[in-house]
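Written below as structure tokens is the structure these notes are about.
The values are calculated or read from the model by the stated rules, or taken from the named source; none is laboratory data. Everything numeric in this text was worked out from a predicted model, so none of it was measured. Ideal geometry is used to build each Cβ from the backbone, glycine not excepted, and the neighbour counts take in all protein chains shown. These accessible areas exclude ligands, DNA and RNA; they are computed on the full protein's heavy atoms, side chains included. Shrake-Rupley method; radii C 1.70, N 1.55, O 1.52, S 1.80 Å.
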Amino acid sequence: MLQDLRYALRTLRKSPGFSAVAVLTLSLAIGANTAMFSVTNGVLLEPLPIHRQERVVFIYKEAPRDNSLRPFAVADLAALRERGGIFESVAGVQYDGAFPHPMRDGDRALSVMTSLVSGEFFGVLGVRPAAGRLLEPGDAVAGAEPVAVISYGLWQREFGGDPRVIGRIIRLPGPRTVVGVAPRGFDYPRGVELWVPLLLTPDVGAGALGWPWSIIGRLKAGATFEQARSEATAFVRAREDVYPAGIARGQRAVVVPFRDAVIGNLRQSVLILEAAVALVLLVAALNVANLLLVRGVRRERELAVRTALGAGSGRIARQLLVESAVLALAGGVVGAVLAYWAVHGLVAAAPPELPRIGEVRVNGAVLAFTLVTSLCSTLLFGLAPALTAARADLNPALHGGARAGGERQRTRQFKHVLVVLQVSLALIVVTGAALLAKSLVRLQRVPMGFDAPHVTLVNVAVPRDKYADAERQLGFFDQLVGRLETMPGVTATPVVLAPFSGAGGWDATFTAEGQGRAEARDNSTLNLEAVAPNYFGTLGIPLLRGRAFSDQDRAGSPRVAIVSEVMARRTWPGQNPVGKRLKFGTPDSPEAWLTVVGVAGETRYRELAAAPPSVYIPFRQAHDADGLLPRYVAIRSAVPAGVMIQAVRSAARQVDPAVLVLDAEPVGRLLAAPLARPRFDTLLLSGFAVIALVLAAIGLYGVMAAFVGQRTHEIGVRVALGAETGDVHRLVLGRGMLLALVGAGIGVLGALGAARALVSLLYDVSPADPATLIGGTSVLLVVAALACVIPARRATRVDPIVALRHE
């Protein structure tokens, strides 16, 4: 074997051009596969830093109408804990996930993603701290010392990994002691940086609902998911009997593995991209197989001599496989280096909400995958050429016939089959990338419903304990406007402020007047906004009917609401909704009736794919002002965001130093979050498509170049007999384009089947979109034509005298 290896290295060194092309081809494909596997490994395969993760489940309720998530309550959590059953332990976590919250660390003001959890949260998950300790049940009872746990990422980023962070006092706004650091890779709810225990004081747990929770549970040993679903379903049905009037009935219990809750809907995207990059590797393997076949024709005399000296067909095949393995391992080494760089780029380009993105890195498992991929590539591209060469009749080459070593018909057909497969596989990847790109373009063109230019969103963190009353909040905003109007550089432009939730918002159920329980159950979940009177004018949301809110719409005056166009159309089809009434909850809910005074245009800042039905209520009439505190203040001004935040920060400090102004961004940035994942998926798949196109073009070029080289005598005869340059050009180009057209025809059929897997990732684009199929096929054929042009031009320059004398 060592002798075979030395001979392989000498042979490949004598053909540096071939070796370089083969290694580069393999390194591109193996590097792409390695980089993508690092994502798959980090997101899907690496175990979560929790104990026996297969026994941890996520439990939630689902609305029967639109499958939206509905919260449990403090009382539900306590009841499930007392019920026992197959759940060994349960814990609660704020059902709407992590939310941005101001934090003071000495003189620094930060915005950190925060989540409220029950004291049992970390215990149920079996998480071990990276430093200090984690939350315990005793931290969530009245009278306990206020504490917090920070994430590993926040510890490294803001505290430099200093172990002295344990015991540090931070303010949220009240003082809290940092007691521990969560382990690396643990970020549930997604993106969380700070966990705070919810103190179970009498007012928090009062009533049948109390604080809204999602519930996680650890199953007892031997319990199954089917048993967990049955147990949770029985529990949800039993709890409906104790709920007061106004709470929707008929909700379903859903139990999923905790890992699926962490990953969300990312699994399908990752698997689709993994399949696409596997096709790229297959294209590369077919490419190198073709190169080896072409090279094998040139080496027939060498192999014939070795056969004459006693080398058997098995020895010949083994030698050629060793050469293929050397190429594959060299490609794997270069590919691993490329993957290392690519992974750093992927992590930097990945959307921050991508779960477990911090776990994406090149580690031992990824390098092992690279090695296995390289060895498998050897079989993919090396076996067939080796067997073809070993079984060939080499006597003509040994005896030096007229055209000794000429390519046999079977080998030529096999090469053509490989080219056709390359083209068809490349078209599948190209078509998938084109579909995602078209979907992304259409998403980007979806109108948000805002007059976005000159509107800046400023993150103003108003202390909840100090501004729990809506009037106090509006009073603060009024004073802030007055200050801003006198600020240098701002007075030239009108400044208008409006509280705004941003992409967060709140959900609500509702009942229209005249609806019974069955009809109300079919109502969609609403997007709820509590807004100031100038909200619609500031954001440029058109009012299609009725009027906007006014200063007279305050506490004690008749309750009013403005509904979105889509809600009006669904709830009162063909009717004028102005003057209609609705209320939150079910028909027997104690909530007050709201009179619709206006209809606003559709907005899509929370979900681009579809405009959600929305209802707006006056900020001064919001009962639960603490729950409806806005994240942002929207400001219409031509002043850049960087200048605006300084002006707002200065003005806020003059009004109330306790208010923190954390950041500012144009309102158009709201598109960043919903577009982040589609952009990331499109970027990756487009990169794979470009690699597949290049590899397919190289493969077609190699075959046509070999065709010209092996047909030099024939071309010389044709020219000598009067063939024109155009005739020779058409001969070569026609042969190459015939292969490309056959591959494209097969690829279109494959693309139609493969595109069905993309349905959930597409917006307003059919998987069988004719324009995309035609466009992708056209691009591929143009690239194929370019790959054939150079061999065709070379063929037209053949000198018939030289060609015939050489033969």
Of everything in segment 132-158, what is outside any loop (DSSP other than H, G, I, E, B) and either more than 25 Å from residue 358 (Cα to Cα) or hydrophobic (A, V, I, L, M, F, W, C) (or both)? Give them in sequence order.
137, 138, 139, 140, 147, 148, 149, 150, 154, 155
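Can you tell me which of 758, 752 is surrounded by 16 or more Cβ atoms within 10 Å (Cβ to Cβ), touching a Pro at 6+ places or on another chain (Cβ under 8 Å) and modelled with pLDDT of 85 or more?
Step by step, each of 758, 752 is checked, and only 758 is surrounded by 16 or more Cβ atoms within 10 Å (Cβ to Cβ), touching a Pro at 6+ places or on another chain (Cβ under 8 Å) and modelled with pLDDT of 85 or more.
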In segment 160-192, how many are closer than 30 Å to residue 46 by Cα and either touching a helix residue (DSSP H, G or I) at 6+ places or on another chain (Cβ under 9 Å) or assigned to a loop (DSSP other than H, G, I, E, B) (or both)?
20
Selection status of residue 722, on the phi > 0 side of the Ramachandran plot and not hydrophobic (A, V, I, L, M, F, W, C):
yes
Residue that is in contact with a Lys or Arg (Cβ under 7 Å, 6 or more places away or on another chain), in a helix (DSSP H, G or I) and under 30 Å from residue 339 (Cα atoms), where the choices are 703, 782, 728
703
In this structure, is residue 59 surrounded by 19 or more Cβ atoms within 10 Å (Cβ to Cβ) and in a loop (DSSP other than H, G, I, E, B)?
no
Please state which one of 787, 720 is farther than 21 Å from residue 276 by Cβ, in contact with a helix residue (DSSP H, G or I) (Cβ under 8 Å, 6 or more places away or on another chain), at pLDDT below 90 and open to solvent by less than 60 Å² (accessible area, probe 1.4 Å).
787
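Yes or no, residue by residue, for (1) at pLDDT below 80; (2) farther than 25 Å from residue 556 by Cβ; (3) not in a strand (DSSP E or B):
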position: 441; (1), (2), (3): no, yes, yes
position: 452; (1), (2), (3): yes, yes, yes
position: 465; (1), (2), (3): yes, no, yes
position: 468; (1), (2), (3): yes, no, yes
position: 490; (1), (2), (3): yes, yes, yes
position: 502; (1), (2), (3): yes, yes, yes
position: 507; (1), (2), (3): yes, yes, no
position: 514; (1), (2), (3): no, yes, yes
position: 537; (1), (2), (3): no, no, yes
With respect to residue 154, is the statement that it is surrounded by 15 or more Cβ atoms within 10 Å (Cβ to Cβ) and in contact with a Lys or Arg (Cβ under 9 Å, 6 or more places away or on another chain) true?
no
Would you check if residue 677 is closer than 30 Å to residue 31 by Cβ, among the charged types (D, E, K, R), modelled with pLDDT of 85 or more and under 36 Å from the mean Cα position of the chain (by Cα)?
no
Could you tell me which numbered condition residue 544 fails, if it satisfies all but one of (1) open to solvent by 40 Å² or more (accessible area, probe 1.4 Å); (2) outside any loop (DSSP other than H, G, I, E, B); (3) at pLDDT below 80?
(3)
Between 664, 692, 723, 672, which is touching a Leu at 6+ places or on another chain (Cβ under 9 Å) and either assigned to a helix (DSSP H, G or I) or charged (D, E, K, R) (or both)?
692
Checking the conditions here, which among 372, 305, 294 is among the β-branched types (Val, Ile, Thr) and modelled with pLDDT of 75 or more?
372
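Need at least 1 residues that are open to solvent by 30 Å² or more (accessible area, probe 1.4 Å) and out of contact with any strand residue (DSSP E or B) (no Cβ under 8 Å at 6 or more places or on another chain) per element, so show me which strands (runs of 3 or more DSSP E) inside segment 74-131 make the cut, counting only ones lying wholly within it. Even if it seems obvious, please write down each step before you answer.
Details: elements: 87-94, 99-105, 108-117.
Fully inside segment 74-131 and qualifying: 108-117.
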Mind listing just one residue for me: the one in segment 667-682 that is surrounded by 17 or more Cβ atoms within 10 Å (Cβ to Cβ) and not charged (D, E, K, R) and, of those, nearest to residue 641 (Cα to Cα)?
667
